[in-house]
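The values are calculated or read from the model by the stated rules, or taken from the named source; none is laboratory data. Just so it is clear, the structure is predicted and the values come from calculations on it, not from any experiment. Ligands, DNA and RNA are stripped out before the accessible areas are found, and what is left, the full protein with its side chains, is counted by its heavy atoms. Shrake-Rupley method; radii C 1.70, N 1.55, O 1.52, S 1.80 Å.
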Amino acid sequence: MNTTSRRAAAAGVALLLAALLAGCTTGTTGSVDGFPVQATNSTSLPADFPRVQVPLVAGRVVAAIGDAAHGWIVAIAPARDQGLAEATSRLAAAGYLTRSLRPAPANFSGPGYDVRLTDAGGTIVYAVRRR
């Protein structure tokens, strides 16, 4: 991915998260690339997020929205460089298979969940939904 594409992707994800988080105060429902999301703002994982089934990259949660009924979006500032590679490796180790030929966003299908993984300027963004 070239620099222009990375900047565009990062700007798109930033605008998306800002729009969803702005809607959190009203409890609105939205959709992200076909992932329906009930907006609730947090910097920690929602209580019903499938932590065991969807392994996340090590780091700090900077935004987390959603629920089991509608899906989740989680943005993490990784603890180390190569966050996207680590995130991909963790999903593969948990039995997730790549569903797309494009490197970004990467789509995975695993035990009970679909995951879309994006590197937004160094922040790793997961869009997760039940299958």
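So the values come out like this:
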read-out	value
Whole-number accessible area per residue in Å² for the stretch 46-131, which is evaluated in the context of all protein chains at 1.4 Å	47 Å²
Prolate/oblate/rounded label for the stretch 40-131 (Cα gyration tensor, a/c 1.5)	oblate
Solvent-accessible area of D119 with every protein chain in place, 1.4 Å probe, in Å² to the nearest 10	60 Å²
